[in-house]
Amino acid sequence: MSRLVWFRSDLRVTDNPALHYACDDQADVQAVFILCDQYVESHPIGPRKLWFIRESLKDLAVNLQKSGIELSLLRVAKAGDIPAKLMAFCKEMGIKSLYCNAEYPIDEIERDRKVKASCEGADIAFRRYHDRCLIPPGMLKTGQGSVYRVFTPFSKAWKEKIKSARLEAYLAPETGRGKKAKDATRAIDQCFARCDLRPAPDHWQPGENIAQRKLQEFCDNALLEYDEQRDTPAGPGTSRLSPYLSIGSLSPKQCYLAAAARVKGDWEKHSGVNTWINELIWREFYMHIAQAFPALSRHKPMQAYTDDFPWRYDKTLFQRWCNGETGIPIVDAAMRQLNNTGWMHNRLRMVTAMFLCKNLKIDWRWGERYFMEQLIDADFCANNGGWQWSASTGTDAAPYFRIMNPVSQSERHDPDGQFIRRYVSELAELNNKDVHTGRGAAAYCDPIVDLNRSRQEAIDLFKSLKSNEATANES
Ligand SMILES: Cc1cc2nc3c(=O)[nH]c(=O)nc-3n(C[C@H](O)[C@H](O)[C@H](O)COP(=O)(O)OP(=O)(O)OC[C@H]3O[C@@H](n4cnc5c(N)ncnc54)[C@H](O)[C@@H]3O)c2cc1C
């Protein structure tokens, strides 16, 4: 009796519950990955992330091959075609059970619901596990039985729960089990043949072993100082593991276990480790929120009243932001980092996002989409959460009156302008004071907006929306 493991955002053989349970006896196991054109366009998945997925699939296929598991590739035009395509494949291969790990945005939940129904109709067992979060969505509830909307109590409950969890990473399936599997490289290349792909810079080498090595290096060299170094964009203070976590070359459990092991399990007492694990909890918080509030996947703000904010749809200003040509050095450096490398430092994601939606007042959904297209670590839940936080439209978001000033942020977190100079060559010769404003650089553009005036306008607009909402609730 054959079993099929359907890989999605879990491109690894270690600590993969679906793969582990499919291989728990000597059953014949096969694997499949489905590329859906509609997902690529509507989510959207940019050329760098697509390239990263393709290369990571090659690494996965080699690792699976060692255990006699062959990876097949299927391509469909629409999400609606997935159940029929999958059932036809199962029939052809004599599959009796389908194994996968859950995903939480609404389209993925809906896709799985349909596939499960098709499996039932075809007498195929459908088995789904959780690997995207250490504590799966739906398992943490407030005293009143509702979903946490605020991060701090969520994180307290998370930490309490994790203490009583027995956590062990699943091993990769035995090598040498099963039949000899075919090399999947050609099939992978063919499947992605008509896709727009862009190789990522060298730093982002794909693959599970590389992800493990980077995790270990981070834990050995930077984890203990993470709390002090994480806000400095010029330095190597953060793990840069997000691309691997986003496609599942690495699991959050592997991250948690490695970090905890670094301090012999006593991580809450070590500020650096505690702060890093807190970031992993933010990641889980946004997944729980996305699953509980499907409207978020339909481009809705979490705080309904903010839907009436008079967002602007100025394509010229937006393009200047995308290109890193706003005349605000730290914003331009950050956007150029994104465009050149497919990644941006967390503090700068907040700074550039706030600048777009508060100073320029451009709809946060434009920025959200642009990030999804460019980021090699694009992840719907974290990205939507980050954008809604910055736009003050989200749950537990930045209060509308707390707007980051990009120049002060730059002075504080990039004091000698090292990061700015790396990406904005026009400013390379300026002194450490002017590099933050761009004043005196002949080849650099003037700011496209007055920071103080536009900040005050945003605050006033939010304030009046809030008071309208309060009046409407009273009457
Ligand atoms: C506007 C905006 C958009 C964002 N878009 C994404 C995105 O598409 N994909 C993505 O993975 N992260 C996103 N983030 C969160 C965060 O910026 C990145 O996860 C982080 O910069 C990745 O770098 P790192 O791996 O070095 O993180 P580290 O600081 O080493 O943190 C470890 C891991 O924790 C998770 N994490 C860290 N910070 C956050 C956070 N604030 N929210 C959720 N998870 C977090 C990531 O998986 C990260 O790899 C966004 C943040 C903002 C403000």
Please enumerate the residues belonging to segment 205-228 that are farther than 12 Å from Leu241 by Cβ, touching a helix residue (DSSP H, G or I) at 6+ places or on another chain (Cβ under 8 Å) and assigned to a loop (DSSP other than H, G, I, E, B). Pro206, Gly207
Does Leu356 qualify as being in a helix (DSSP H, G or I), of a type outside the set (S, T, N, Q) and under 15 Å from the mean Cα position of the chain (by Cα)? no
Going residue by residue through segment 459-469, is there one that turns out to be in contact (Cβ under 8 Å) with a residue 60 or more places away in the chain and polar (S, T, N, Q)? yes
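Conditions tested, residue by residue: (1) of a type in the set (A, V, I, L, M); (2) within 11 Å of the ligand (Cβ to nearest atom); (3) part of a helix (DSSP H, G or I); (4) buried (at least 18 other Cβ atoms within 10 Å of the Cβ).
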{"position": "Thr306", "(1), (2), (3), (4)": "no, no, yes, yes"}
{"position": "Pro310", "(1), (2), (3), (4)": "no, no, no, no"}
{"position": "Gln319", "(1), (2), (3), (4)": "no, no, yes, no"}
{"position": "Asp332", "(1), (2), (3), (4)": "no, no, yes, yes"}
Which residues, counting only those in segment 345-354, are more than 7 Å from the ligand (Cβ to nearest atom) and either without any contact (Cβ under 8 Å) to a residue 60 or more places away in the chain or touching a strand residue (DSSP E or B) at 6+ places or on another chain (Cβ under 8 Å) (or both)? Val351, Thr352, Met354
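Yes/no matrix, rows are residues, columns are (1) surrounded by fewer than 23 Cβ atoms within 10 Å (Cβ to Cβ); (2) within 14 Å of the ligand (Cβ to nearest atom); (3) closer than 23 Å to Leu134 by Cα:
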residue: Asp227; (1), (2), (3): yes, yes, yes
residue: Pro243; (1), (2), (3): no, yes, yes
residue: Ser249; (1), (2), (3): no, yes, yes
residue: Tyr256; (1), (2), (3): yes, yes, yes
residue: Lys269; (1), (2), (3): yes, no, yes
residue: Asn274; (1), (2), (3): yes, yes, yes
residue: Phe285; (1), (2), (3): no, yes, yes
residue: Ile289; (1), (2), (3): no, yes, yes
residue: Arg298; (1), (2), (3): yes, no, no
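Run down Ala382, Ala378 and say which single residue is surrounded by 21 or more Cβ atoms within 10 Å (Cβ to Cβ), small (Gly, Ala, Ser) and not in a loop (DSSP other than H, G, I, E, B). First the steps, then the outcome.
Working: Ala378 fails: not in a loop (DSSP other than H, G, I, E, B).
Testing whether each residue is surrounded by 21 or more Cβ atoms within 10 Å (Cβ to Cβ), small (Gly, Ala, Ser) and not in a loop (DSSP other than H, G, I, E, B) leaves just Ala382.
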Are any of the residues in segment 428-439 surrounded by fewer than 24 Cβ atoms within 10 Å (Cβ to Cβ), within 19 Å of Thr326 (Cα to Cα) and under 20 Å from the mean Cα position of the chain (by Cα)? no
Conditions (1) buried (at least 16 other Cβ atoms within 10 Å of the Cβ); (2) more than 13 Å from the ligand (Cβ to nearest atom); (3) in a loop (DSSP other than H, G, I, E, B) -> Pro201 fails only (1)
Some residue of segment 390-412 being among the charged types (D, E, K, R) and modelled with pLDDT of 95 or more: yes
What pairs come out if I take residues in segment 269-287 that are farther than 17 Å from Gln254 by Cα and pair them with residues that are surrounded by fewer than 17 Cβ atoms within 10 Å (Cβ to Cβ) whose C-beta lies under 9 Å away, six or more apart or interchain? Ser271/Glu228; Gly272/Glu225; Gly272/Glu228; Gly272/Gln229
Counting only residues that are assigned to a helix (DSSP H, G or I) and either in contact with a His (Cβ under 7 Å, 6 or more places away or on another chain) or of a type in the set (Phe, Trp, Tyr) (or both), which one in segment 242-268 is farthest from Ile53 (Cα to Cα)? Trp267
Answer yes or no as to whether Ala458 is within 16 Å of the ligand (Cβ to nearest atom), crowded, with 19+ Cβ neighbours inside 10 Å and among the aliphatic types (A, V, I, L, M). no
Count - residues of segment 355-384 that are more than 6 Å from the ligand (Cβ to nearest atom) and either farther than 17 Å from Phe318 by Cα or free of Cβ contacts under 8 Å to residues at least 12 places away in the same chain (or both): 4
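Based on this model, can you work out whether Ser239 counts as away from the ligand (no atom under 11 Å from the Cβ), in a loop (DSSP other than H, G, I, E, B) and at pLDDT 95 or above? Quick ask: steps written out before the conclusion?
On the way: away from the ligand (no atom under 11 Å from the Cβ): no; in a loop (DSSP other than H, G, I, E, B): yes; at pLDDT 95 or above: yes.
For Ser239, the condition - away from the ligand (no atom under 11 Å from the Cβ), in a loop (DSSP other than H, G, I, E, B) and at pLDDT 95 or above - is not met.
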Filter result for the condition that a residue is more than 20 Å from Trp6 (Cβ to Cβ), more than 16 Å from the ligand (Cβ to nearest atom), assigned to a loop (DSSP other than H, G, I, E, B) and not assigned by TED's automatic domain parsing to the domain that holds Asn101, over Ala193, Ala157: Ala193
Only residues that are within 20 Å of Ala102 (Cβ to Cβ) and out of contact with any strand residue (DSSP E or B) (no Cβ under 8 Å at 6 or more places or on another chain): list them for segment 12-37, please. Arg12, Val13, Thr14, Asp15, His20, Asp24
Pairs, please: C-beta under 9 Å, at least 6 apart or cross-chain, first residue modelled with pLDDT under 90 and in segment 160-181, second in a helix (DSSP H, G or I)? Lys180/Gln65; Ala181/Ala61; Ala181/Leu64; Ala181/Gln65
Being touching a Leu at 6+ places or on another chain (Cβ under 7 Å), within 12 Å of the ligand (Cβ to nearest atom) and assigned to a loop (DSSP other than H, G, I, E, B) is the requirement here; does Met404 meet it? no
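The values are calculated or read from the model by the stated rules, or taken from the named source; none is laboratory data. This structure is a prediction, so every number in the text was calculated from the model and none was measured. Counting neighbours? That spans all protein chains shown, and the Cβs are built from the backbone with ideal geometry, glycine included.
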